[in-house]
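Notes follow the structure.
The values are calculated or read from the model by the stated rules, or taken from the named source; none is laboratory data. No experiment lies behind these values; they were computed from the predicted model shown. Quick reminder, even Gly has a Cβ in these numbers, built from the backbone with ideal geometry, and neighbours come from all protein chains shown. Surface accessibility is based on the protein's heavy atoms, side chains included, excluding ligands, DNA and RNA. Shrake-Rupley method; radii C 1.70, N 1.55, O 1.52, S 1.80 Å.
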Amino acid sequence: MKRPPRAVTRQMEHLIETSFAPGRFVSYDATFSFVSELETVERELAKLIPTAPAQVVALYETFLAGCYEKAEEIDDSSGTFGQFVDELYCGWIKARQAAGADPDETATRLLQWMDDDPYGFSDHLEEDAARVLNKAGLAAFVRMIRERFDAAATAKPVPRESSKRTPDGARRRWGTMLRTLYLAQKNVEAYRELAEETGLTPEDCHALATLLVTRRNAEHALAWVERGIELAKKAANRPMAGHDLAELKRDLLAKLGRGYEALEAAWAEYREHPSKYSYDYLMKYVPKAERGAWHEKGLEAAEGADLHSLIELLVETKELERLAELVRRSKNEALENVSHYATEPAARKLEKTHPDVAARLWCVQGMRVVNAKKSKYYGAALSNFDRARRCFETAGLTAGWQRVVEEVRAKHHRKIGFMAGFEEIVAGVGPSKKPSFLEHAKARWGARQPAAR
């Protein structure tokens, strides 16, 4: 038997209220699990949209009201709760559209909530709204925001008004929202007119080029990319925009049959910033028959790169002999300044083929931690020294390990918490010799079982 709408509404309201745990403060550590429970209730609510959209609209509004009521009882430093509120707004939009609600009224309500949001949950809501609004709803939303944008141009400033609410601030805010929505509409002409009216940026050029690519107008897109690159050169605070434009330019050149130009552009960027990332971009445009020669050419050009980038590049390209030689000629101080995100993968790769070099990399990682007195990471340092000991033994360099032991004892004997674990490694009972958590658990569990008869 199908339950009547009122019964469903009462049941859902009870679930919503219970999930909020009224009166209980939600700490930062508990936020994830708390929001997960709210998401479970929202999923149940969303299932009702096809059969009772009008009732679901009201329930979503109840859910939103509860979120704003709960806002003072939660530490949302992670932003997880705020993201959930955005999803509720999207659910509300879907429910209204399913119920055949007036698009103008939907847009009006959204803007009213965005104007009166003491917790900022609806900041950037236009990004998510554009994803779920249908064609009519998106058009209504765009029209109303455009009206506010135009009105801000003639508005007079009010003394002591917040920067966000001044005419200039409002115009910037509505202009940013319009850019997002024009992109969602794939409206090249409206986006271009707005960008030129408010001041063209490198990001605008990238957006316009991307829109033109979807229209299969690569030549026109390339013109916008080149215009954006020129703007990015004059804007030192927009490095990512320049990078994105350069990448898009190479793709467009290749698409237009100008692969050689794309390769030259990638090569120029690689020489300026050699890394495993720019190497991948470079090889993307190299013809298969020429990859061997370009590989050697690329490695030679990378000789002057910083140590971190060069280690990552040699690991990525599986150039273990070159990697081992690089580590051998580098000083300990230089290696200690390289992040473990580069040295740890290198050490792992070298353990079988060059255990002596791997041992050195494990040691410098451990030394970097203890020299910096980062007690929080002493466990990781001990693991590094344990792997270094095993690599020294594999390489037959027990004297090398002994020198490391003497250096650690001399420099760090006062670090009692660290030295206790280090002396266990020296004695051969370090982390690698101890049973894992599960091994220990299974051993204890086995001891509880009755002996077989």
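What the table below lists for this structure:
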quantity	calculated
Cα long-axis angle, helix 340-350 against the chain (0 to 90 degrees, to the nearest 10)	50 degrees
Whole-number percent relative contact order across the chain, with pairs defined as alpha carbons under 8 Å at least 6 apart	6 percent
Distance histogram for the chain (every C-alpha pair counted, 10 angstrom bins, percent rounded to whole numbers)	4, 14, 15, 16, 19, 18, 11, 3, 0, 0
Tail fraction, Cα-Cα pairs, the stretch 107-205, threshold 22 Å, whole percent	29 percent
Residue pairs, from the table Lys374/Lys411; Lys318/Lys411; Lys288/Lys352; Lys297/Lys349, whose Cα atoms sit over 25 Å apart	Lys318/Lys411; Lys288/Lys352
Charge tally in the Cβ shell below 10 Å around Lys70, where Lys, Arg are +1 and Asp, Glu are -1, Lys70 excluded	-3
Label-point separation, Glu17 to Met144 (7 Å along Cα→Cβ), nm	3.0 nm
Thr31 accessible area, 1.4 Å probe, all protein chains in place, Å² to nearest 10	0 Å²
Estimated vicinal HN-Hα couplings, Hz - the stretch 74-90 in sequence order (Karplus 6.51, -1.76, 1.60; Gly, Pro = x)	8, 8, 9, 4, 6, x, 5, 5, x, 5, 5, 4, 4, 5, 5, 4, 5
Positive minus negative residues near Val213 (Lys, Arg vs Asp, Glu; Cβ under 12 Å)	+3
Linear extension gain, Arg172 paired with Thr398, 0.36 nm per residue minus alpha-carbon span	74.7 nm
Placed amide H near Val26: partners under 5 Å, 5+ positions off or other chain	Ile74, Asp75
Range of Cα positions in the stretch 7-83 per principal axis (Å), largest first	37, 20, 16
Pairwise FRET efficiency - Lys284 versus Asn217, Cβ, R0 = 25 Å, nearest 0.05	0.65
Residues of type lysines that Lys94 reaches as a straight line, Cα spacing below 29 Å, ignoring anything fewer than 8 places off in the same chain	Lys2, Lys47, Lys70, Lys135, Lys186
Cα centroid separation, the stretch 102-145 to the stretch 48-85 (Å)	16 Å
20 °C / 1.002 mPa s Stokes-Einstein diffusion coefficient of the stretch 218-283, Kirkwood radius on C-alpha pairs, µm²/s	177 µm²/s
